[in-house]
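A.B. asks: Please see the structure below; I have some questions.
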Amino acid sequence: QVQLVESGGGLVQAGGSLRLSCAASGRTFSSDAMGWFRQAPRKEREFVAGINGYGINKLYSDSVKGRFTISRDNAKNTVYLQMNTLKPEDTAVYYCAARFGSTVVITTTLYNYWGQGTQVTVSS
């Protein structure tokens with residue numbers, strides 16, 4: 001059974017940092033793309049960042065570019081999201097996702113596995 005388990009969310013003041021982790025089990029994703037999405041109350045789930053298989057190519061949404069960094073450790077089957085200079089508008093539930101195939105995509109329906117989400121709250 002494949003599972004993605006996120007951790008690292010919490011409450012932080014504006015300008016602060018958090019590091020999210022997503023540990024995968026049940027399947028090795030070293031050659032597959034993985035991504036982070038987020039969903040704020042009353043909004044649709046949106047793409048935040050993605051990393052292709054083996055971590056060569058990375059893609060970010062315009063809203064987080066320059067502040068967030070995605071990385072992966074294939075030996076640990078884990079992907080990370082380092083979030084710096086956090087803003088109140090970053091407040092959301094953050095989800096990890098994985099898809100079959102190496103190419104990063106931003107469409108939620110093209111991801112095959114999802115974690116349960118971790119809450120990130122940024123206070124002003």
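A.B. asks: Mind checking which residues of segment 24-49 are hydrophobic (A, V, I, L, M, F, W, C), at pLDDT 95 or above and buried (at least 16 other Cβ atoms within 10 Å of the Cβ)?
C.D. replies: ALA24, ALA33, MET34, TRP36, PHE37, PHE47, VAL48, ALA49
A.B. asks: Which of the following residues is in contact (Cβ under 8 Å) with a residue 60 or more places away in the chain, out of contact with any Ser or Thr (no Cβ under 8 Å at 6 or more places or on another chain) and open to solvent by 30 Å² or more (accessible area, probe 1.4 Å): THR109, THR121, THR103?
C.D. replies: On inspection, the qualifying residue turns out to be THR103.
A.B. asks: Scan segment 80-100 for residues that are farther than 12 Å from LEU4 by Cα, open to solvent by 30 Å² or more (accessible area, probe 1.4 Å) and either modelled with pLDDT under 95 or in contact with a Phe, Trp or Tyr (Cβ under 6 Å, 6 or more places away or on another chain) (or both) and jot them down.
C.D. replies: Within segment 80-100, PHE100 is the sole residue that qualifies.
A.B. asks: Still on this structure, I have one more. Looking only at segment 5-17, decide whether some residue is open to solvent by 60 Å² or more (accessible area, probe 1.4 Å), in a loop (DSSP other than H, G, I, E, B) and farther than 11 Å from MET83 by Cα.
C.D. replies: Scanning segment 5-17 turns up no residue that is open to solvent by 60 Å² or more (accessible area, probe 1.4 Å), in a loop (DSSP other than H, G, I, E, B) and farther than 11 Å from MET83 by Cα.
A.B. asks: Continuing with this model, one more query. If I filter segment 62-71 for residues that are part of a strand (DSSP E or B), more than 26 Å from ALA14 (Cβ to Cβ) and open to solvent by 40 Å² or more (accessible area, probe 1.4 Å), do I get at least one hit?
C.D. replies: Let us first name the residues in segment 62-71 that are part of a strand (DSSP E or B), namely 68-71.
Next, from what is left, pick out any that are more than 26 Å from ALA14 (Cβ to Cβ): none.
Taking every residue of segment 62-71 in turn, none turns out to be part of a strand (DSSP E or B), more than 26 Å from ALA14 (Cβ to Cβ) and open to solvent by 40 Å² or more (accessible area, probe 1.4 Å).
A.B. asks: Let me ask another. Mind telling me which of the residues ASN57, ASN77, ASN52 ends up being more than 30 Å from SER124 (Cα to Cα), surrounded by 15 or more Cβ atoms within 10 Å (Cβ to Cβ) and over 13 Å from the mean Cα position of the chain (by Cα)?
C.D. replies: ASN77
A.B. asks: In segment 108-124, which residues are in a loop (DSSP other than H, G, I, E, B) and within 15 Å of ARG38 (Cβ to Cβ)? If you could, list the steps in order and put the result at the bottom.
C.D. replies: At the first step, the residues of segment 108-124 found to be in a loop (DSSP other than H, G, I, E, B) are 111-112, 115-117, 124.
Selection gives TYR111, GLY115, GLN116, GLY117.
A.B. asks: Looking at ARG45, ARG67, ARG38, which is the one that is over 11 Å from the mean Cα position of the chain (by Cα) and within 18 Å of GLY117 (Cα to Cα)? Working first, answer last.
C.D. replies: On the way: ARG67 fails: within 18 Å of GLY117 (Cα to Cα); ARG38 fails: over 11 Å from the mean Cα position of the chain (by Cα).
From the options ARG45, ARG67, ARG38, the qualifying one is ARG45.
A.B. asks: Another one. Being at positive phi, touching a residue at least 24 places away in the same chain (Cβ under 8 Å) and of a type outside the set (Lys, Arg) narrows it down to one of GLY26, GLY66, so name that one. Step through it out loud before you land on a result.
C.D. replies: Numbers: GLY66 fails: touching a residue at least 24 places away in the same chain (Cβ under 8 Å).
Result of the check over GLY26, GLY66: GLY26.
The values are calculated or read from the model by the stated rules, or taken from the named source; none is laboratory data. This one's a predicted model, so the numbers in the text were calculated from it and none came from an experiment. In this analysis, Cβ positions are derived from the backbone assuming ideal geometry, glycine residues included, and neighbour counts consider all displayed protein chains. Accessible surface areas use protein heavy atoms only, side chains included; no ligands, DNA or RNA. Shrake-Rupley method; radii C 1.70, N 1.55, O 1.52, S 1.80 Å.
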